[in-house]
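Asker: Got a structure for you, written out below as structure tokens; questions coming shortly.
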Amino acid sequence: MVTSERVLTSLRRGLVEFCALAILRDGPTYGLDMARRLEADGLIAGESTLYPLLARLLTSGLAESEWQESDAGRPRKYYTLTPAGRDALEVFENSWIPLRNAVDRTLRRPS
Amino acid sequence: MTHNELPAEAVSWLAAAEQTLRRASAEQTAEIMDGLRSHIAEALARGEAVDDVLTRLGPPTDVADPVLEEIPRRRPDIKPAQVQSTAPPQRPGIKDYMTAKRTAQIISFALALLAAAIISLRTGYVGSTIDPDTGEVINTTTQLVLFSMDPKIAVTLIAALLLTAVPPFVRGRRMPLTTACVAGIMTILAITTTIWIVGWFILPAAIAAVIAATIPITPRERRAFRQQPAGA
């Protein structure tokens, strides 16, 4: 039986990475902040799933990380978008918008 | 807040999460665990309760699912920045080279070499010196066949040696076809030269070449061939 959770899991797979890149486009961000934003938008179920995704972005060269001292003096890992990540995000946006429109049209089409 | 300052529940959660990452690389595991520790420390520093933080993180097993799905991840439509590796690429070692097929190729060459040695290094009769008065044989001269070999036999042996020497040095997609061609030619050579006897000597080498041709390539070799550019 197809449940909304299965559908959402299936849809999120492949999209969340680009949403994470989009968050990084706004500037360096640390993990907790990103996790809270993605979870609030319903893009991740458990916040822990962000970190394997970030590890993959780092391995792929689409993001980079750096430890910086926070205001409270505690080290915090910040993630930033690389030029390759910026290009990847642009490719995704150019692909996503037509795809999203096509899906919307198909769903609205009378049977 | 360091790892040692995290509450026991958080430390247990992190340990369970790390356990699920057994199949990930050490680098990936370290990156993920760093991120999770920092996440928990930051949330607790903001005054959140450890139970709430761990609930929002989800079960420790959630950490592994995206990792195991995506090892290795191929993204053909997006080209990531190429990471410059300072480590030289690993050359295949002797263990990777010595498959059953390669062993049979080398045995084929060794048998051709043995046939050539047996034929060339035996002594052959050259002539005798006879006493003109008594008619008795005074002296018999022999020399290595190598120095007085029939050209047909020499060409056959050289051809066998050269043919069987080729497949061990051929790498890549051409190797199976080369091995098969050498096996075919060696078989024809051995059969056609049996009339000169030398064919029987190179027949074992021909049989080994046929065996080499019939042994399938290993899955590792098949993967290596697929990764090579076409025409390699």
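Asker: Just one of A:A20, A:A45, A:A35 is surrounded by 17 or more Cβ atoms within 10 Å (Cβ to Cβ) and closer than 15 Å to B:D62 by Cα; which is it?
Answerer: Working: A:A20 fails: closer than 15 Å to B:D62 by Cα; A:A45 fails: surrounded by 17 or more Cβ atoms within 10 Å (Cβ to Cβ).
Unique residue meeting the criteria: A:A35.
Asker: Considering only the stretch A:45-68, I want to know if a residue exists there that is in contact with a strand residue (DSSP E or B) (Cβ under 8 Å, 6 or more places away or on another chain) and farther than 24 Å from A:E90 by Cβ.
Answerer: Scanning the stretch A:45-68 turns up at least one residue that is in contact with a strand residue (DSSP E or B) (Cβ under 8 Å, 6 or more places away or on another chain) and farther than 24 Å from A:E90 by Cβ.
Asker: Can you confirm whether the stretch A:2-17 contains a residue that is buried (at least 21 other Cβ atoms within 10 Å of the Cβ) and within 19 Å of A:E64 (Cα to Cα)?
Answerer: Scanning the stretch A:2-17, I find at least one residue that is buried (at least 21 other Cβ atoms within 10 Å of the Cβ) and within 19 Å of A:E64 (Cα to Cα), so the answer is yes.
Asker: Is there any pair with a first residue in the stretch B:24-39 that is facing chain A (nearest Cβ under 7 Å) and a second that is surrounded by fewer than 21 Cβ atoms within 10 Å (Cβ to Cβ) and aromatic (F, W, Y) whose Cβ atoms are under 8 Å apart and which are 6 or more apart or on different chains, and what are they?
Answerer: B:S38/A:Y30
Asker: Considering only the stretch A:12-80, give the helices (runs of 4 or more DSSP H) lying wholly within it that have at least 1 residues that are within 10 Å of chain B (Cβ to nearest Cβ) and in contact with a Gly (Cβ under 7 Å, 6 or more places away or on another chain).
Answerer: In the stretch A:12-80, the matching helices (runs of 4 or more DSSP H) lie at A:31-40, A:50-60.
Asker: Within the stretch B:165-191, can you find the residues that are surrounded by fewer than 16 Cβ atoms within 10 Å (Cβ to Cβ) and basic (K, R)?
Answerer: B:R171, B:R174
Asker: Checking A:L107 against (1) surrounded by 10 or more Cβ atoms within 10 Å (Cβ to Cβ); (2) over 23 Å from B:A26 (Cβ atoms), only one condition comes out false. Which one?
Answerer: Every listed condition holds for A:L107 apart from (1).
Asker: Of all residues in the stretch A:81-91, which are facing chain B (nearest Cβ under 7 Å) and either in contact with a Lys or Arg (Cβ under 8 Å, 6 or more places away or on another chain) or aliphatic (A, V, I, L, M) (or both)?
Answerer: A:A84, A:A88, A:V91
Asker: Right, here's the next one. Do the conditions hold for B:A117, that is, is it loosely packed, with under 15 Cβ neighbours inside 10 Å, closer than 17 Å to B:L203 by Cα and modelled with pLDDT of 95 or more?
Answerer: no
Asker: Might you let me know whether the stretch A:58-68 holds any residue that is over 20 Å from B:S38 (Cβ atoms), more than 13 Å from the chain's Cα centre (by Cα) and modelled with pLDDT of 90 or more?
Answerer: Yes: the stretch A:58-68 contains one or more residues that are over 20 Å from B:S38 (Cβ atoms), more than 13 Å from the chain's Cα centre (by Cα) and modelled with pLDDT of 90 or more.
The values are calculated or read from the model by the stated rules, or taken from the named source; none is laboratory data. Note that the structure is predicted; figures quoted are calculated from it, not measured. Cβ: placed from backbone, ideal geometry, glycine included. Neighbour counts: every protein chain shown.
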